[in-house]
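Structure first, then comments.
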Amino acid sequence: MKAFSLSEDQIARVIGAAAADELSRRFNRHADFLTIASWTQNTPLGRGGLSLDEAEKAACARRAATLFGLDADYLAARPAEKIADWAHDLAAALKDGLTSFSFKPAARNDEDAAYSHRADAIYQDAAAAANVLYGRRRLLSFVAPHSLLGLELSVLTPNLLGIEAVDARGMTPDELSKNLLFGDVLVATPTLWRYMMQEELQAPDNSLAVSFGEPMTPELAVDMRKSGFGVLRELYGSTETGLMAWRDSPSEAFVLFDHWRREGDGLMRLCPDGEARQVEAMDRLTWEGERSFTLSGRRDGAVQIGAVNVFPEAVAETLRAHPHIKDCRIVVGRRGDGAARLIANIVLADKTPPNERTARDIDVWCRVSLRQQERPQIYNFEMETGAPA
């Protein structure tokens, strides 16, 4: 189907985003948002571009191949100097059609964990998203295209709608305000929406805002409407399950897309080949009818920060490995805008003073050992009894 075919440029954008994620997961190499957004077909894999050594290049090649459903070693023996070389080889391999995709979840406890989905199911999700975004003139995306929802929304959905897709990741809020046009749709996560609201992004009439990846708060929704977005769409789904539901306001229940059915307290996906498959949502669902529900917390104890699933106990375990820390407990707090943040309640090792130098040392440890979304924003030093030091 032409609407679901991918150009070499689109494949290259996916490869660049997946490479950044792989470098972060496997090698603790982090690039800033604007740098990653600048990686295009012509970006070198070596010096002056991604600056990959041999181990990093092999890992990124495996990630690129498996993402598009190919054997992990498909690109291993093929010479490549630029992202375009990988994109060209993948496009040639996929000429007869994609059969599956493989996506790594936002939670990174296991760097090799991945979920495979049949390509027709991914296309089904994109068609569902297109139905609730119909009538838009262009789609601008502030999200990376290598995740399941990122690929569906920023690449496949505009392909299906036959509209221009603009990668807005490299734009500042001022540039974005100047580039947004009447009838556009802008896709971002709540964390990115908060950033844009703080930078006073202004939208023209008849603009639509799409959010996914973490819960939208009423406070943020109000700010987005004040900035000019007349219509909001919040989408719900996950790497594990696919795209499941949508709503227009945080005060409303989510509504299932047509390829989903309630099955008692669970869910049934109606697959394109006619199969009905039971699926367990990543969140506990409170049903308000046969097709609508609200969320009642994650099943696995994760909290979503910056569209990344963070496990507070895993963060606490990492901090307990610090030589100055005897024990640690992580709690989830809320900022004034409703965004989640981690608070570390720390019991220091004997004879360790609760001073600024200790706090700086622990903060450096967190920057080296934890991803940005996992780093606590507040440190509380406690005595053995739990009283603040």
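The values are calculated or read from the model by the stated rules, or taken from the named source; none is laboratory data. What you see is a predicted model; the values in this text were computed from it and never measured. Ideal geometry is used to build each Cβ from the backbone, glycine not excepted, and the neighbour counts take in all protein chains shown. Keep in mind that these areas ignore ligands, DNA and RNA; they rest on the heavy atoms of the full protein, side chains included. Shrake-Rupley method; radii C 1.70, N 1.55, O 1.52, S 1.80 Å.
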Dimensions (Å) - the chain, Cα atoms, principal axes, largest first: 67, 54, 46
Taking 0.36 nm per residue of separation and subtracting the Cα-Cα distance, what length does fully extending THR99 through THR172 add? 22.6 nm
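Please report the antiparallel percentage of DSSP beta bridges with both residues in the chain, rounded to the nearest 5.
Expressed as a percentage, antiparallel bridges in the chain total about 65.
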Keeping all protein chains in place and using 1.4 angstrom, which order do GLU317, GLU382 fall into by accessible surface area, from largest down? GLU317, GLU382
Using only Cα positions of region 238-389, each an equal point scatterer, no hydration layer, compute I(q)/I(0) via Debye at q = 0.08, 0.10, 0.16, 0.19 Å⁻¹ and quote the log10 values to two decimals. -0.35, -0.51, -0.89, -1.09
Take the chain, connect every pair of alpha-carbon atoms lying under 10 Å apart with a spring to form a Gaussian network, then pick out the residue of VAL310, VAL331, VAL166 with the largest mean-square fluctuation. VAL331
Quick calc, LYS351 & LEU181: beta-carbon distance into FRET formula, R0 41 Å, rounding 0.05, result 0.05
If I histogram all Cα-Cα distances within region 181-237 using bins 10 Å wide from 0, what percent of pairs lands in each bin? 26, 61, 13
Calculated FRET efficiency for the pair ASN28/ASN380, C-beta based, R₀ 30 Å, to 0.05: 0.65
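Compute for region 130-228: radius of gyration divided by Kirkwood radius, i.e. Rg/Rh, restricted to C-alpha atoms, rounded to two decimals.
0.92
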Please work out the FRET efficiency for the pair GLU81 and SER249, using the Cβ-Cβ distance as r and a Förster radius of 56 Å; give the result to the nearest 0.05. 0.70
Between SER7 and ALA359, with labels modelled 7 Å along Cα→Cβ, what's the label distance in nm to one decimal, could you check? 5.1 nm
How big is the C-alpha Rg of region 1-101 next to the rule-of-thumb value 2.2 N^0.38 Å, as a ratio? 1.01
Just the accessible area per residue of region 153-297, please: how many Å² with a 1.4 Å probe? 42 Å²
Neighbour cut-off at most 15 other Cβ (10 Å), DSSP loop, trypsin sites (Lys or Arg not before Pro), region 333-364: ARG335, LYS351
Given the -39500 (n - 2.57) contribution per DSSP H run of 4+ residues, what per-residue ellipticity at 222 nm results for the chain, rounded to the nearest 500 deg cm²/dmol? -9000 deg cm²/dmol
Multiply the residue separation of SER38 and ALA72 by 0.36 nm, subtract the distance between their alpha-carbon atoms, and state the gained length in nm to one decimal. 9.7 nm
Ordered by number, the chymotrypsin sites (Phe, Trp or Tyr not before Pro) in region 83-186 that occupy a DSSP loop and have at most 12 other Cβ atoms within 10 Å are TYR134, PHE182
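Counting only protein heavy atoms and a 1.4 Å probe, tell me what percentage of the chain's accessible area is made up of carbon and sulfur.
Carbon-and-sulfur percentage of accessible area, whole number: 48.
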Taking loop as defined by DSSP and a crowding limit of 14 other beta carbons within 10 Å, which GluC sites (Glu not before Pro) in region 209-270 fit? GLU252
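Compute the accessible area per residue over region 45-114, keeping the other protein chains in place, probe 1.4 Å, unit Å².
Using a 1.4 Å probe on heavy atoms only, each residue of region 45-114 averages 50 Å².
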So, relative contact order of the chain in percent, Cα under 8 Å, 6 or more apart, is 10 percent
